[in-house]
Amino acid sequence: MKIKFSYMMVAIAIILSFLLYKDGLKGLELKLQDLWLQEGRAIDSRIAIIAIDDESLQQIGHWPWNRDTHANLVRILNEGKVAIIGFDVTFPLPAEDAKEDEQFIHAIQSNDNVVLARYGQFASYATEGMIESTALSEPFPALKEAASGLGHLNTIPDQDGIVRKALLQFSYQGEMVQSFSAVIAEKYLEQQGQALTINHKALNRFQQLHIDYVGKPNAFEVIPYTMVLNGDVPPLYFENRIVLVGPYTVGIKDDFLTPMSQKQPMYGVEIHANIIQNLLEGNFKKEVAWQWNMGLLLVAAGIAYFICRMRSSLLSLLLFVLTTGIVLLTSKILYGKGWIISLVYMLTLFTVSYIVSVGFNYFTEQLERKRITSIFGRYVAPQVVTEILENGEEGLKLGGSRKDISVIFVDIRGFTTLSESVEPEEIVGILNEYLNLTANCIFEYGGTLDKFIGDATMAIFNAPLPIENHELQAVKTAWAMKEGAAVLEEKLLERYGKSVKFGIGIHTGPAVVGNIGSKTRMDYTAIGDTVNTAARLESNTKPGQIIISDKVYEKVKNQVVVNPLGEIHVKGKVEGITIYELEGVRR
């Protein structure tokens, strides 16, 4: 059975390996990474957001605002020696009033630190490699020329609508279009005398960067637009900082779901803030190649097989929990060092392996119990086999307990005479028929077949399993034997001209019941005066006669028809025993 289980483990590993190769559990993998790996960290105070929020919309008016409003903001921020200003809004067309644009353009030209936005359009599908844009929306020419830099705002959610990756660049008509976040980070680092270094090996097959979010929505410092215009926040507050200007209201519809909160959307400007912090930190997370994940999965399969082979389900469960914890902890450590390993396949392997192991062990145990019951039930009573299986080694210990039981002894009268005139092979067949009859009758009424003693049978009732009205059940068993023997007697009389009959004795009382014998050979049996008395009663029966003791009679007198036989003395007992011949059982 272990070989078959190993086949099942191999099948599980092959199925999960195939799913890993095909990325079949990608959705679950992403959800698990969201829950486990994205936990947030310290916010970079160099980044601030000036929000086009509801408060500002109420004071300034409906969007879009006049360009001179933005010009005022740029002038105020530059008074405070801001490092970079990034507008997370597009200006594709000139304003109706050319003076508005002139002020805005002049404010931008005065300081070489304003980054404006582009926006690309893509086909409905994309192949691996650099994504190609089919169209590009940019600021109108004069504004574009005035800007210090241009970056695209495109945010591409995964299939479940959650933004986990940043598109750092795409191609348009042979030109590389950098992302809004990358342009801002690059220009800021240039001002600090540093260079932006992007680990291109960490980009996925579509040249996207994994976003390691620093916090939930509203984690970055957000200042309403009007507070800056009104002077509530002094310009020097933004000294040497990156300021992102963008929508912070649901009305402009620039919000997305993120791993940090799949119910509360995060505004696009804050997603850019997260990306910028990643770039400034040089925080690049690389998904390990599927071959490495495959290797880890196979190692996990070997560990799972080792754990499943343990006999204790509780120990297996504890080891699976421990191993799962180690895998999760390791994944988090690797994540901190810039590596993302696949979790869902290994955890699925552990979960499925444990469930299959428990089910397989239960199934094999039931088969084994059935096999043992079937085999040993031919040698001892099925109830005894059941007790041994349920109690394990405890059920095999020597010793017994005192119980009230009913005991039957059955002997075949005339069998010795018959065996003298019949071939040995035939006599064995005849004996087996009679013993089979006694055994079936005992089992039918819930008794325990204690043993066969030559052509005799011993049975006990009320042990090891309790039986209600065990005295009556013993009597019914004896009567069923008498009725069943009639057919066998007629068959023997026709074939051999001779007949045999049962002699049956029944007594009830206390006895010690349990495993009696040595450590190497034992019997489940009963010992005591009750057993001896039942045997003596059987030895006093005539062929075809059933004798019950007075103790049995007192328990069953309302259900039986008897013939009183008076008192007899049996070997080993001083006092006599009143006995009755059983002549029928009332239905």
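The values are calculated or read from the model by the stated rules, or taken from the named source; none is laboratory data. Source: prediction; values computed, not measured. Note that we place each Cβ from the backbone using ideal geometry, even for glycine, and neighbour counts take in every protein chain shown.
Brief remarks follow.
- Among all residues of segment 427-446, there is none that is more than 24 Å from residue 531 (Cα to Cα), over 57 Å from the mean Cα position of the chain (by Cα) and of a type in the set (Gly, Ala, Ser).
- Only one of the listed residues (457, 508, 417, 438) is closer than 23 Å to residue 403 by Cβ and assigned to a helix (DSSP H, G or I). That residue is 438.
- The sole residue among 51, 42 that is in the same structural domain as residue 255 (by TED's automatic domain parsing), surrounded by fewer than 15 Cβ atoms within 10 Å (Cβ to Cβ) and in contact (Cβ under 8 Å) with a residue 60 or more places away in the chain is 42.
- Looking across segment 286-297, the residues that are in a helix (DSSP H, G or I) and exposed (fewer than 13 other Cβ atoms within 10 Å of the Cβ) come down to 291, 295.
- Check on residue 100, of a type outside the set (Val, Ile, Thr), at pLDDT below 90 and in a helix (DSSP H, G or I): yes
- Taking segment 156-203 as the range and being of a type in the set (Ser, Thr, Tyr) and within 28 Å of residue 111 (Cα to Cα) as the test, the residues that pass are 179, 181, 188, 197.
- Selection of segment 562-579 for residues being in a loop (DSSP other than H, G, I, E, B), among the charged types (D, E, K, R) and exposed (fewer than 13 other Cβ atoms within 10 Å of the Cβ) yields 571, 575.
- Of all residues in segment 242-281, those being within 25 Å of residue 67 (Cβ to Cβ) and in a loop (DSSP other than H, G, I, E, B) number 4.
- Flag: residue 533 matches the condition of being at pLDDT 90 or above, of a type in the set (Ser, Thr, Tyr) and more than 24 Å from residue 433 (Cβ to Cβ).
- Among the residues making up segment 452-464, those that are under 49 Å from the mean Cα position of the chain (by Cα) and modelled with pLDDT under 90 are 463, 464.
- Of residues in segment 396-436 being hydroxyl-bearing (Ser, Thr, Tyr) and in contact (Cβ under 8 Å) with a residue 60 or more places away in the chain, the one surrounded by the most Cβ atoms within 10 Å (Cβ to Cβ): 406
- In the set (1) touching a residue at least 60 places away in the same chain (Cβ under 8 Å); (2) surrounded by 17 or more Cβ atoms within 10 Å (Cβ to Cβ); (3) within 24 Å of residue 401 (Cα to Cα), residue 500 fails one condition alone, (3).
- Of the residues making up segment 46-79, those that are at pLDDT below 95, assigned to a loop (DSSP other than H, G, I, E, B) and farther than 21 Å from residue 255 by Cβ are 61, 66.
- The residues of segment 93-131 that are among the small types (Gly, Ala, Ser) and either free of Cβ contacts under 8 Å to residues at least 12 places away in the same chain or more than 30 Å from residue 156 (Cβ to Cβ) (or both), listed by number, are 95, 98, 107, 110, 123, 124.
- Single unsatisfied condition, residue 468 versus (1) more than 28 Å from residue 549 (Cβ to Cβ); (2) without any contact (Cβ under 8 Å) to a residue 24 or more places away in the chain; (3) not small (Gly, Ala, Ser): (1)
- Strands (runs of 3 or more DSSP E) within segment 129-230 that include 1 or more residues of a type in the set (Val, Ile, Thr) and in contact with a Lys or Arg (Cβ under 8 Å, 6 or more places away or on another chain): 175-178
- Failed condition for residue 90, given (1) over 30 Å from residue 25 (Cα atoms); (2) assigned to a strand (DSSP E or B); (3) in contact (Cβ under 8 Å) with a residue 60 or more places away in the chain: (2)
- Residues of segment 482-497 satisfying the condition of being touching a residue at least 40 places away in the same chain (Cβ under 8 Å) and surrounded by 15 or more Cβ atoms within 10 Å (Cβ to Cβ): 482, 484, 485, 488, 492
- Selection count, segment 503-554, where residues are under 23 Å from residue 414 (Cα atoms), polar (S, T, N, Q) and either exposed (fewer than 15 other Cβ atoms within 10 Å of the Cβ) or over 60 Å from the mean Cα position of the chain (by Cα) (or both): 4
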